[in-house]
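Heads up, the thing below is written out as structure tokens.
Bear in mind these aren't lab numbers, they're just calculated from the coordinates by the rules spelled out. All values reported here derive from a predicted model rather than from experimental measurement. Cβ sites come from the backbone with ideal geometry, for glycine too, and all protein chains shown count toward neighbours.
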Amino acid sequence: MNISVNHLGFRPDDQAKHAVIWGSEPLTSFQVIDLTDMGYNEIGPNARPNTVCFRGELCWADYPWGRYAIADFSPLSKPGLYLITLDNRFNSVPFQIRSDVYSRTLRKPFEYIHLQRCGDAAANYHDRCHLDDARRRDTGEYVDTVGGWHDAGDLRKWVEHTLMLGIGLGRLETELEPAWRTFDLREGDIRAEIRWGNQYFLKMQAADGQVWHDVGGGVDGDNSDNHWTDNRIGTEDDRFINTSYSATIQWEFISFQAQVAGLFGQEDAYYARRCREAAEATFRFMADKTNATPKEFAWAVLALCELFDLTGDVTVRDRLEAEIAGLLSLQETDYRFEQQAVRGFFYADARKTDLFRSARDSGLPLIALCRAAEYAAGGSVLKKKLRRAIELYTRGYLMPLSRTNPFAMIPYGVYTATVPGETYRPLGGKLFYRFFVEVKGKCAFGVNSHLLSHAVGLQAAGTFLEDADLRVLARRQVEWVMGGNTEHSCLMSGEGINNPYPHSRFLGLIQGGIVNGIAGTEEDVPFLDLDTTMDWRTAEYWSPHVSFYLWYGSRECRGLRLDPLPY
Ligand SMILES: [Zn+2]
């Protein structure tokens, strides 16, 4: 029998404390044991019978993956260390009930980012590296682009993804201001880390305001630059700068610079002005550029909300309102495709023939709508429109999808067309869904960023709509990542058990790194590389997961004090 539960545990007041149970025996009840009682399976002279502190009934139901039961122990709220057992024959992973289950994890993803520093020595990992970054692939000119962070399980510096690390750190500092002074006594660890990463992003901004695409990203993303170098400029192993354009990168950059300018405004006015001017230069560069996808519109909305908060500039406000309208224009408010199961989803583009799906940014439209709702004035037409859009997407789309499985994980995507040889599950009418990314002809990524970005969006939506069910649904996505999944695998190194060995070919294990997560087969059943086959699709660390986790965790822990470290 299998008992799946969030390895981190639960807070005393959490609603819907659930474990998911499946297997061959039709058991009807479960028990919870308090491990601090010392009775449980204690061997030796102290042995005594187990004390069951909670009992409950199992509610079985059929799902596409088979028959599953939910074990609901929501009333259990006493702090402690527990496990769930089925008649003392099958046990869950032990888990905590305590108020700081999330806040106590946040230092680990922070240190993961610190160890991904490029250009600096990372203690116990590597000496100073890539001091010869880099030469332009288009002109051959050398441009100092030393610094930043390595992305993922390699040494490449994708701006789109490593900017996410900065954004996650920004959220952590804004929401919680941890009293961490291990690496920087004067300014604190988070601010020092933000400055470290940002030197690279500022160097990647061209004179016309455009932010370049990557350093070391290779040719069309190959691994030709994914190596250590001799740190000497002008030698054969120097890496390349790719100066190509991406709308998402420009908006992410504006969002981050505006955030940093706000954070440093008081204590370092010079630096804050430098970041603000960088954001404004890219904003001017974007004056004649248009967005086409929900991802681009969403990042534009987030960026312009930040920039308008900072500057109050009416040009920014006008552009912001246009981008909000653009995002809303891609949302479907009716039941279409001859079905009544879902509505409120986003289309991939203005042709409106397929739905928006993204392994990295699927939750971004919801995050952007909620951020825009903070911007919109109370009682305004815009605020009402945004409220309606958020209600439709969460209650009309995400909620029905989450009921397809006992884990309440949001399936990866809904489709208007299927591919032969792969499983697409009927949703109703002419719509189909898959729990995991399609495999044929695609890089079938694990779904952690899909889930974690939705967790951030649902958390914001739950707060805005004052809907506790949405906040629970947000948490359920995080629980999947933290071990409450079909593989009983905690997908962050250093937390929980059964972690995959990461596809991290240069640095190996890094505490706080989150891997891509569970992907699917052609048959759309879960797949995770727990056999060290170095399958990057499921087991590679990636910056966006860490960012979304910090973003979620920071918001979730608002008002909690993070412990200073004892050194
Ligand atoms: Zn490096």
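Take the Cα radius of gyration of region 374-506 and divide it by 2.2 N^0.38 Å, with N its residue count; two decimals is plenty. Walk me through the numbers on the way to the answer.
Numbers: Rg = 17.2 Å, N = 133, 2.2 N^0.38 = 14.1 Å.
Taking the Cα Rg and dividing by 2.2 N^0.38 Å, one obtains 1.22.
In the chain, helices alone account for a calculated mean residue ellipticity at 222 nm of -10500 deg cm²/dmol, with every DSSP H run of four or more residues adding -39,500 (n - 2.57). Under 5 Å between amide hydrogens, built in the peptide plane, is the criterion, and for Gly153 it picks out Tyr541 among residues at least 5 positions away or on other chains.
Spatial offset of region 171-211 relative to region 459-493 amounts to 28 Å, using the alpha carbon center of each.
Axis angle, to the nearest 10 degrees, between helix 269-285 and the longest C-alpha principal axis of the chain: 80 degrees. Annotation: the residues Lys295, Lys352, sorted from fewest to most other C-beta atoms within 10 Å of their own C-beta, follow the order Lys352, Lys295.
Restriction of the GluC sites (Glu not before Pro) in region 90-176 to DSSP coil positions whose beta-carbon has at most 13 other beta-carbons within 10 angstrom yields Glu141.
Helix 189-203 and the long axis of the chain differ in direction by around 40°, with both axes built from C-alpha atoms. For region 194-311, the fraction of C-alpha pairs farther apart than 24 angstrom is 33 percent.
Taking other C-beta atoms within 10 Å as the exposure proxy, Leu565, Leu302 rank Leu565, Leu302 from fewest upward. Under a 5 Å amide H cut-off, with hydrogens placed 1.01 Å from N, Arg239 pairs with Arg135 among residues at least 5 apart or on other chains. Applying the Karplus relation 6.51 cos²θ - 1.76 cosθ + 1.60 with θ = phi - 60° to region 435-445 yields 3J(HN,Hα) values of 5, 10, 4, 4, 9, 5, x, 10, 8, 7, 4 Hz, where x marks Gly and Pro. For the chain, the longest principal axis of the C-alpha atoms and the axis of helix 381-393 are separated by about 50°.
Converting the Cα gyration tensor eigenvalues of region 60-156 into ellipsoid dimensions via √(5λ) gives semi-axes, longest first, of 48, 20, 12 Å. The alpha carbon gyration tensor of region 472-567 gives principal lengths a ≥ b ≥ c with a/c of 1.5 or higher and a/b no greater than b/c, which makes the shape oblate. Backbone phi angles across region 5-14, fed through the Karplus curve with coefficients 6.51, -1.76 and 1.60 (θ = phi - 60°), yield HN-Hα couplings of 8, 4, 5, 6, x, 9, 8, x, 8, 4 Hz in residue order; Gly and Pro are listed as x.
Only lysine pairs 8 or more places apart or on separate chains count here, and in the chain those with Cα atoms under 27 Å apart total 28. The rule of thumb for compact globular proteins, 2.2 N^0.38 Å, goes into the C-alpha radius of gyration of region 408-476 1.30 times. Convex hull volume of the C-alpha atoms in region 366-432, normalised per residue: 114 Å³. Between the C-alpha center of region 217-271 and that of region 344-403 there is a gap of 30 Å. Under 5 Å between amide hydrogens, built in the peptide plane, is the criterion, and for Gly413 it picks out Arg434 among residues at least 5 positions away or on other chains.
Computed on region 2-97, the Cα convex hull volume stands at 96 Å³ per residue. Rounded to the nearest whole Hz, the Karplus-based 3J(HN,Hα) values (6.51 cos²θ - 1.76 cosθ + 1.60, θ = phi - 60°) of region 95-105 follow the sequence 9, 9, 10, 6, 6, 10, 4, 8, 4, 6, 8, with x at glycine and proline. Write down the Kirkwood hydrodynamic radius of the chain, to one decimal in angstroms, obtained as one divided by the mean of 1/r over all alpha carbon pairs. In the chain this quantity evaluates to 24.6 Å. For the chain, averaging the sequence separation of C-alpha pairs within contact (under 8 Å, six or more residues apart) and dividing by the residue count gives a relative contact order of 15 percent. Based on the Stokes-Einstein relation at 37 °C and a viscosity of 0.692 mPa s, and on the Kirkwood radius from alpha carbon pairs, region 312-401 is assigned a translational diffusion coefficient of 237 µm²/s.
Multiplying the residue separation of Lys442 and Trp60 by 0.36 nm and removing their Cα-Cα distance gives an extension gain of 134.0 nm. As a proxy for reagent exposure, Thr282, Thr311 were ordered by neighbouring Cβ count within 10 angstrom, fewest first; the result is Thr311, Thr282.
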